[in-house]
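All remarks here apply to the structure that follows.
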Amino acid sequence: MTRDMRMKPSLKIWVFALTGGLVLLLLHCCQLKAEGWYSLVFYYYPWEEKTQLYKLDVDWPKNPEYLGGIAYGVAVDPFNSLVYVAQRGENVSKVVVFTEEGYFKEMWDTDKIEMPHGIFAVSTAKEQSVWITDVGQGEYGHTIKQFSPSGNLLHVLGTAGNAGSSLNPLQFDQPAEIFVEETGELYIVDGDGGLNNRLLKLTNNFWLLWTLGGNGTNPGQFYIPHSVAVDNVGRVWVADRGNKRIQVFDKISGEWIGSWSTCFSEDGPYSVRLTADKKYIVVAQLNISRVLFIAMPPIGSIGDCHVESTIQMAEGVRPHLVDVNVNTGSVYVAELGAQQVQKYVPLQKTSNSS
């Protein structure tokens, strides 16, 4: 279902012939100069394909029958080799846990989650926990919850059942996603179409360090910030979904560094994660069912975005959020339309360079 869409060899021949015919016609009618002809023939490749970096693991998960809802988010715990899937639906567990190999492990028995959106696994030798953003409208919604790996509620950020913009007490309105660094510092994008369009940074004790945003198109403003990640050189990457761009900030000060938009003319970015080797940024585009691998710029200016590889899925798959196993390099994609999570493995050995 999610195989790369490639042109058949016979189709390539026809495209080449058609391109050659058009070149000759232009030469005859428009008397193109030699350099113009060279540019058309040698720099325009309608059949050119990006380098394939990942392939689908068709055997994952091995127990797909346990995914009975719509998969909105996926989180990898590499320390314990577990994969957490956040799903919505009637009479389904909101969180299903699989092993890295794809075997069913457990379902969470909790009624504290209404409508999960983003999910993030904290996985270090000192701490293992799972954070979930809840965009529900009921008594437990508009919050971000921390759970134990087995599903016991540990902490709640926000004011349960009350949407708002207050910083004291802290309130959210449909918070989209959370990212937690190894230091315990938290980055939150709020929200998924609600009152707020902002990015917040909290300490490991949940004190607010800084916030920025506001609804708009200027640098530092957002329209539906949907995903957030932090790289290993101190930059915060935000999928500014509604504005069809990624914005980048300094993680210490919150200062705006730059933005990318040229890679997202067809559809906005829904996710942002780094591959295990830190060479690429993984971005899902829901409406065109595509996953992009964008070259990670070195420290300093981010320059322009360059797509190095893509996974083109079948129409209607609708990839929403992704996560990466930093040990194996595998990429997991939560898909709304297909109502599943799929695993992609690197074609070459990947290692964590952080």
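The values are calculated or read from the model by the stated rules, or taken from the named source; none is laboratory data. These numbers were taken from a predicted model, which means no experiment stands behind them. Here Cβ is always computed from backbone atoms with ideal geometry, including for glycine, and neighbour counts include all displayed protein chains. Keep in mind that these areas ignore ligands, DNA and RNA; they rest on the heavy atoms of the full protein, side chains included. Shrake-Rupley method; radii C 1.70, N 1.55, O 1.52, S 1.80 Å.
When only DSSP loop residues count, what trypsin sites (Lys or Arg not before Pro) in the stretch 76-169 have their Cβ near at most 14 other Cβ atoms within 10 Å?
Answer in residue order: 126.
Legend: residue pairs 105/244; 105/201; 105/343; 279/343; 201/244, Cα-Cα distance threshold 26 Å; pairs beyond threshold, 105/244; 105/201.
The calculated P(r) of the stretch 133-185, using every Cα pair and 10 Å bins from 0, goes 26, 52, 22, 1 in percent. Ligands, DNA and RNA are left out, and with a 1.4 angstrom probe the accessible area of the stretch 203-354 is 39 Å² per residue. The separation of the stretch 51-117 from the stretch 281-354, counted between C-alpha centres, amounts to 17 Å. Projected onto their three principal axes, the Cα atoms of the stretch 262-354 cover extents of 36, 30, 17 Å, largest first.
What you get for the stretch 256-307, charging only the Cβ of Lys and Arg (+1) and of Asp and Glu (-1), is a dipole of about 180 debye around the Cα centre. Nearest 0.05, what FRET efficiency do residue 153 and residue 206 give at R0 = 25 Å with Cβ-Cβ as r? Calculated value: 0.95. Using DSSP to call loops (not H, G, I, E or B), can you name the chymotrypsin sites (Phe, Trp or Tyr not before Pro) in the stretch 56-147 whose Cβ has at most 13 other Cβ atoms within 10 angstrom? Loop-located and lightly packed - 103.
Looking at the stretch 288-354, the trypsin sites (Lys or Arg not before Pro) that sit in a DSSP loop and have at most 11 other Cβ atoms within 10 Å of their own Cβ are 349. A 1.4 Å probe over all protein chains sorts 313, 107 by accessible area into 107, 313, starting with the largest. Using R0 = 22 Å, the C-beta based FRET efficiency linking residue 347 and residue 185 works out to 0.05.
Grouping the Cα pair distances of the stretch 161-277 into 5 Å bins from zero gives a pair-distance distribution of 2, 13, 24, 26, 20, 10, 4, 1, 0 percent in increasing distance order. Label sites at residue 266 and residue 105, each approximated as a point 7 angstrom past Cα along Cα to Cβ, lie 3.5 nm apart. For the stretch 274-321, the ratio of Cα radius of gyration to the globular rule of thumb 2.2 N^0.38 Å stands at 1.25. If you take every residue apart from residue 230 with its C-beta less than 15 Å away from the C-beta of residue 230, what net charge results, scoring Lys and Arg +1 and Asp and Glu -1? With Lys, Arg at +1 and Asp, Glu at -1, the neighbours total -3.
Since only 274, 339, 326 are under comparison, the one whose Cα sits farthest along the positive direction of the charge dipole of the stretch 257-350, derived from C-beta charges on Lys, Arg, Asp and Glu, is 326. Full extension of the chain segment joining residue 218 with residue 167 gains 16.1 nm, where the gain is 0.36 nm per residue of separation less the Cα-Cα distance.
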